[in-house]
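Report on one structure; see the data block that follows.
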Amino acid sequence: MPSFKIDTSTAMVFVATAPTHKMKNKKTGEIAVDNQTGAKMMTVGLLISDEGEGNLYQVSVPETGIPEGLTPGVPVSVTDLRARDWENTFNGETRHGIAFRAVAITPGA
C-alpha cells in the first residue's frame, strides 16, 4: 500500500506517551519487527501541534530510531513521518484506519 509523507517542519512535536514495544500478538507476547531490517518495533505517542491544532498520534518506530530518555513532555523532531491506510478482517469483522510510522525520533525540536 502506498504511504504519504507528513510534513512536520512547521509543527511543534512533543512526546505524549513513552515508547513501548509494539505487539504483533498480545496473547503470546510476540513483539513486532521491521520487515526490512529485523529491528524490534516501538510505539510512541506524539502530540503534533501545527496551525493552532493539536493531535495525538501513535507512531511506530524501529527500536534503533528511539534514543534513551524519551519521556512525556520532551520536545522532539520526527524523521520521515508517514501515514498509510490499513484494513483487516478478523472474526468476520472488518476494521480500518490509518497507521503512522517514522524512521527515527530525535530529542530537541
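The values are calculated or read from the model by the stated rules, or taken from the named source; none is laboratory data. Here the structure is a predicted model, which is why all the values come from computation and not from measurement. Neighbour counts run over all protein chains shown; Cβ positions are idealised from the backbone, glycine included. Side chains included, ligands, DNA and RNA excluded: accessible areas come from the protein's heavy atoms. Shrake-Rupley method; radii C 1.70, N 1.55, O 1.52, S 1.80 Å.
Note the full-extension length gain between Thr79 and Ala99 as 0.36 nm times their separation in residues minus their Cα-Cα distance, in nm to one decimal. Don't skip to the answer; put the middle values down first.
On the way: separation 20, 0.36 × 20 = 7.20 nm, distance 1.57 nm.
That works out to 5.6 nm of additional length.
Per residue, what accessible area does the chain have, given a 1.4 Å probe and all protein chains present, in Å²? Show your work: numbers first, answer last.
Numbers: 7350 Å² over 109 residues.
Ligands and nucleic acids excluded, the result is 67 Å² per residue.
Let me make sure I get this right: for the stretch 1-45, a, b and c are the square roots of the gyration tensor eigenvalues over alpha carbons, sorted descending. Under 1.5 in a/c it's rounded, otherwise prolate if a/b > b/c, else oblate. Which is it?
oblate
Could you work out what % of the accessible surface of the stretch 32-109 is carbon and sulfur, using a 1.4 angstrom probe and leaving DNA, RNA and ligands out of the count?
On the way: 2380 of 4870 Å².
Carbon and sulfur together cover 49 percent of it.
When ranked by the protection proxy of mean other Cβ atoms within 10 Å per residue, highest first, what sequence do the peptides 32-40, 83-91, 11-19 form? Let's see the in-between values first.
Working: 32-40: 12.0, 83-91: 9.7, 11-19: 17.4.
Ranking, from highest mean packing down: 11-19, 32-40, 83-91.
To the nearest 20 debye, what is the magnitude of the charge dipole of the chain about its Cα centre, counting +1 on the Cβ of each Lys and Arg and -1 on the Cβ of each Asp and Glu? Don't skip to the end; give the middle numbers.
Values: 10 positive and 12 negative charges, 86 e Å.
My answer is approximately 420 debye.
Rounded, prolate or oblate: which fits the stretch 11-109 when a ≥ b ≥ c are the square roots of the eigenvalues of the alpha-carbon gyration tensor, with rounded for a/c under 1.5 and prolate only if a/b beats b/c? Mind dumping the intermediate values first?
Numbers: a/c = 2.04, a/b = 1.37, b/c = 1.49.
Oblate, since a/c reaches 1.5 and b/c is not below a/b.
For a quick check of understanding: with a 1.4 angstrom probe and all protein chains in place, what accessible area in square angstrom does Ser9 have, to the nearest ten?
In the full protein context, Ser9 sits at about 90 Å².
Would you work out which of Thr8, Ala32, Pro19 lies farthest towards the positive end of the dipole of the stretch 1-40? Charges go on Cβ: Lys and Arg +1, Asp and Glu -1.
Farthest towards the positive end: Ala32.
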